[in-house]
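Report on one structure; see the data block that follows.
The values are calculated or read from the model by the stated rules, or taken from the named source; none is laboratory data. This one's a predicted model, so the numbers in the text were calculated from it and none came from an experiment. As a convention, Cβ positions derive from the backbone with ideal geometry for all residues, glycine included, and neighbour counts pool all protein chains shown. Please note that ligands, DNA and RNA were not included when accessible areas were found on the heavy atoms of the full protein model with its side chains. Shrake-Rupley method; radii C 1.70, N 1.55, O 1.52, S 1.80 Å.
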Amino acid sequence: MRIINTSEVTQIVSKMCIDANYYLSEDMKETFNKSMDREESELGKKIFSQLEENLQIAGEDKIPICQDTGMAVIFVEIGQEVSLQGANITDAINEGVRKGYTEGYLRKSVVSDPIERVNTKDNTPAVIHYDIVPGDKVKITVAPKGFGSENMSRVFMLKPADGIEGVKEAILTAVKDAGPNACPPMVVGVGIGGTFEKSALMAKKALTRNLNDRPDIEWVRSLEDEMLDEINSLGIGPGGLGGKLTALAVNINTYATHIAGLPVAVNICCHVNRHVTEII
Amino acid sequence: MTLGKVQLLNKDIIMERHIELPITSEVASSLNAGDYLYLSGEMYVARDAAHKRIYELIEKGEPLPIDLKDSCIYYMGPSPAREGQVIGSAGPTTASRMDKYAPTFLDKGQKCMIGKGKRSKEVRDAIIRNHAVYLASVGGAGALLSKCIVESEVIAYEDLGAEAIRKIKVKDFPAIVVCDDKGGNLYDL
Ligand code: SF4
């Protein structure tokens, strides 16, 4: 058994919340730059260069890339040979979020109750997803999620007969409806299969995938390519102001499903697709 | 893809204009969807919770914490400022969440809204009727936009934190005309 004290988790989560909001990951930046060169509309190019300058200012002057520093979504994979000691792991993670959002000058955007809506003033609680995996490590991914794009996300419970054409239509519908609201160019996370909640979780996780990694299943790979092309012919463009580049990437995850169903979840993310991963 | 969007894609010349705030009806009427503006002067900052409170005051006929006449409201909730900074990250929030309140605000004299994303038919009609304008600034460019804000002061509802009402002074703040008073709508083009 490897012993890990949860105070270490607090420290790391705090730092990850800050890093995610000030610096975009390398894969995101690479994709961003490549896409920028392909934009043809003058206004679109102008928006891209503003976004590029924005990233530079964020890193240099320590101003968050976007003022919506998100609700902290955290994926934790705990190796089954790890014994966690100290404070309860959920409390330790929330303490990390509290510390990161307070010390990192990040906006506190969380309300304690969806109807009463009183701000918790420290951006807690986070939304935490745990997985037990083989091994003796703990892998943590922090993905602060802005709600301009979160609000435009959808779950479609399709019928098996709708097939891949139905899936394509669902993805395009979600992207079209999102339009300028989701701060394009977007990253589109898709979950196909599983159950209602599994599809949504897969879509969320798809957003945290390194953009250089491709899925193993061939039809999923070609669907990603096809959807990216289709989305980039919609004309929504950077900032939704018209142009070629509406999406930077489409990431799709799949899972087994029931004989009677074909769930499709589309989690839309903006160009500020933040995710940081650390392994303890 | 519609014809208008194709035209925009091929448009090489972007109409750029420097505008001094406040934007009056006359100024608003001279603007067209697609114009690229650099704004200088004073504007208010308010988002969901502040709009709700002001709307309730209007309904009750009580005095308001801000003067709506010829006003410009930027839909935004900044991140906290560091020592020595005027404001933190300061990009637009989704404007449609203010759609419920905006027509009333426009009828009371507000002339300019800055946010991002689509507006309802009711808001677009109120823009035409009041000779007002809806502008978009670039979503997710909060660090860059904060550099165009030279002064910032919380003037009401401090208890709302990031959602408090501010008065800010901007210099060459970039914004694009989305909905004009002729019924032009850049997102529909
Ligand atoms: S959708 Fe993304 S870029 Fe747009 S305001 Fe929200 S977090 Fe920022």
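Values as computed for the structure displayed
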{"read-out": "Any chance A:Arg38 is in contact (Cβ under 8 Å) with a residue 12 or more places away in the chain and touching a strand residue (DSSP E or B) at 6+ places or on another chain (Cβ under 6 Å)", "value": "no"}
{"read-out": "Test: residue in the stretch B:62-71 that is at negative phi and within 14 Å of chain A (Cβ to nearest Cβ)", "value": "no"}
{"read-out": "So A:Val127, is it surrounded by fewer than 18 Cβ atoms within 10 Å (Cβ to Cβ), at pLDDT 95 or above and within 16 Å of the ligand (Cβ to nearest atom)", "value": "yes"}
{"read-out": "Elements of type strands (runs of 3 or more DSSP E) in the stretch A:131-245, at least 3 residues being surrounded by 23 or more Cβ atoms within 10 Å (Cβ to Cβ)", "value": "A:138-145, A:186-194"}
{"read-out": "Candidate set: the stretch A:246-280, residues that are more than 21 Å from the chain's Cα centre (by Cα), of a type in the set (A, V, I, L, M, F, W, C) and in a loop (DSSP other than H, G, I, E, B); chosen: the one farthest from the ligand (Cβ to nearest atom)", "value": "A:Ile259"}
{"read-out": "Count of the stretch B:102-122 residues which are more than 13 Å from the ligand (Cβ to nearest atom) and within 14 Å of chain A (Cβ to nearest Cβ)", "value": "4"}
{"read-out": "Check on A:Ile12, in a loop (DSSP other than H, G, I, E, B) and either outside the structural domain of A:Gly237 (by TED's automatic domain parsing) or buried (at least 21 other Cβ atoms within 10 Å of the Cβ) (or both)", "value": "no"}
{"read-out": "Number of the exception - A:Leu55 against (1) surrounded by 20 or more Cβ atoms within 10 Å (Cβ to Cβ); (2) within 14 Å of another protein chain (Cβ to nearest Cβ); (3) farther than 20 Å from A:Val272 by Cα", "value": "(3)"}
{"read-out": "Boolean, A:Gly86 is away from the ligand (no atom under 16 Å from the Cβ) and open to solvent by less than 10 Å² (accessible area, probe 1.4 Å)", "value": "no"}
{"read-out": "Contacts under 8 angstrom Cβ, first residue in the stretch A:84-108 being β-branched (Val, Ile, Thr), partner in a loop (DSSP other than H, G, I, E, B), 6 or more apart", "value": "A:Ile93/A:Ala126; A:Val97/A:Asp122; A:Val97/A:Asn123; A:Val97/A:Thr124; A:Val97/A:Pro125; A:Val97/A:Ala126; A:Thr102/A:Asp122"}
{"read-out": "Filter result for A:Arg117 (more than 19 Å from A:Asn5 (Cα to Cα), in the same structural domain as A:Ala260 (by TED's automatic domain parsing), open to solvent by 70 Å² or more (accessible area, probe 1.4 Å) and not polar (S, T, N, Q))", "value": "no"}
{"read-out": "Members of the stretch B:142-162 that are under 15 Å from the mean Cα position of the chain (by Cα), within 16 Å of the ligand (Cβ to nearest atom) and either without any contact (Cβ under 8 Å) to a residue 60 or more places away in the chain or under 17 Å from B:Ser96 (Cα atoms) (or both)", "value": "B:Leu145"}
{"read-out": "Residue within the stretch B:157-170 that is at positive phi, in contact with a helix residue (DSSP H, G or I) (Cβ under 9 Å, 6 or more places away or on another chain) and hydroxyl-bearing (Ser, Thr, Tyr) present", "value": "yes"}
{"read-out": "Any hit, the stretch A:267-276, residues being of a type in the set (D, E, K, R) and either closer than 30 Å to B:Asp188 by Cβ or surrounded by fewer than 24 Cβ atoms within 10 Å (Cβ to Cβ) (or both)", "value": "no"}
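Yes/no matrix, rows are residues, columns are (1) in contact with a Leu (Cβ under 7 Å, 6 or more places away or on another chain); (2) more than 7 Å from chain B (Cβ to nearest Cβ):
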{"site": "A:Glu30", "(1), (2)": "no, yes"}
{"site": "A:Arg38", "(1), (2)": "yes, yes"}
{"site": "A:Ile47", "(1), (2)": "yes, no"}
{"site": "A:Gln50", "(1), (2)": "yes, no"}
{"site": "A:Gly59", "(1), (2)": "no, yes"}
